[in-house]
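Enquirer: What follows is a structure written as structure tokens; I'll ask about it next.
Where a number appears in this text, it was derived from the coordinates with a stated rule and is not lab data. Since we're looking at a predicted model, the values are computed, not measured. Note that we place each Cβ from the backbone using ideal geometry, even for glycine, and neighbour counts take in every protein chain shown.
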Amino acid sequence: MPLSALNGQMVLERSGSPTAIMATPVCWFEDVLGAERATQLLRDAVDEPGDDFIDQPAVFELQAPEVMQAVVRKAALVCEALGGTGLEGRIGYTSIQHSAGEYTQLRSDNASGGGDAVLSFSYFLHSRPKEFTGGQLRVFDLVVRDGQPHPAHTYREIHPDHDTLVFFPSMAWYAVGMVEQARRSPLSGRISLQGWVA
């Protein structure tokens with residue numbers, strides 16, 4: 001399973017006064033479960049009833065122990081690569097389906113630093129060939145103001161790819177771009193397991 005990483009650099013924001021922007025590192029793993037098991041998990045996901053709100057992503061419960069085992073194993077590698085300390089191995093996650101016109105607004109799993117989350121993750125599932133466009137995960141760089149991290153105007157954009165697991169620091173801010181699709185059906189949307197590791 002190949003590991004890819006984007007390691008950013010410090011840059012200056014040009015908005016009157018110089019402000020240091022810290023590029024948020026993003027690491028991802030492809031082919032986490034393998035084609036056959038990931039396709040079965042996708043089928044399981046579309047069979048789960050969700051809280052389907054109009055123009056909001058559906059939230060549902062999906063048991064995915066194989067994904068969570070991979071998250072724990074890979075999170076340890078990512079934490080070590082980023083120079084972090086050991087993880088306890090606690091995980092929290094939500095299963096989410098984005099369909100036509102849906103997106104997730106800017107948020108953070110631990111921007112204040114007061115929570116336990118160390119690494120955040122997204123695991124992506126979708127039909128092949130992909131039947132939607134958009135739905136990019138945007139992980140924002142950080143600006144520190146008054147001792148607190150805030151989202152910068154720059155970000156890394158990761159296109160959701162089936163059976164791919166993405167990690168980034170939980171203090172980072174992230175959002176999901178709007179999904180566009182020709183037909184709205186359970187198998188044609190963007191499904192993700194979005195969570196954190198402590």
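Enquirer: Would you mind working out the magnitude of the charge dipole of segment 116-163 relative to its Cα centre, with +1 at each Lys and Arg C-beta and -1 at each Asp and Glu C-beta, to the nearest 20 Debye? Mind showing how you got there, number by number?
Expert: Details: 5 positive and 7 negative charges, 25 e Å.
Using only the charged Cβ atoms, the result is roughly 120 debye.
Enquirer: Which whole-number percentage describes the relative contact order of segment 98-198, with Cα contacts under 8 Å and a sequence gap of 6 or more?
Expert: 48 percent
Enquirer: Another one. What's the local net charge at Phe132, with K and R +1, D and E -1, over the other residues with C-beta under 14 Å away? Working shown, then result.
Expert: On the way: positive: Arg128, Lys130, Arg183, Arg184, Arg190; negative: Glu102, Glu131, Asp161, Glu180.
Here the count lands on +1.
Enquirer: Between the DSSP loop rule and a limit of at most 16 other Cβ atoms within 10 Å, which GluC sites (Glu not before Pro) in segment 60-94 are left? Please report the intermediate quantities before stating the final value.
Expert: Numbers: sites: Glu61, Glu66, Glu80, Glu88; in loops: Glu61, Glu88.
Hits after loop and neighbour filter: Glu61, Glu88.
Enquirer: In whole Å, how far is the Cα centre of segment 100-169 from that of segment 66-99?
Expert: After rounding, the separation between the Cα centres reads 14 Å.
Enquirer: Separation between the Arg183 and Leu106 pseudo-spin-labels, each 7 Å from Cα along Cα→Cβ, expressed in nm?
Expert: 3.8 nm
Enquirer: Give me, ordered by chain and number, the residues 5 or more places off Thr154 or on other chains with an amide H under 5 Å from its own placed amide H.
Expert: Asp141
Enquirer: If you average 1/r over every pair of different alpha-carbon atoms in segment 75-143 and take one over that average, what Kirkwood value in Å do you get?
Expert: Evaluated over segment 75-143, this radius sits at 14.9 Å.
Enquirer: In µm²/s, what is D for segment 68-198 at 37 °C and 0.692 mPa s, where D = kT/(6 pi eta Rh) by Stokes-Einstein and Rh is the Kirkwood radius from Cα pairs?
Expert: Working: Rh = 15.3 Å.
The calculation lands on 214 µm²/s.
Enquirer: May I pose another question? Taking the beta-carbon count within 10 Å as an exposure proxy, list His98, His153 from fewest neighbours to most.
Expert: Working: His98 25, His153 10.
Ranked by crowding around the Cβ, least crowded first: His153, His98.
Enquirer: Something else about it: Set Lys and Arg Cβ to +1 and Asp and Glu Cβ to -1, take the dipole of segment 65-130 about its Cα centre, and tell me which of Thr94, Ala76, Ser127 lies farthest positive.
Expert: Going by the Cα projections, it comes out as Ser127.
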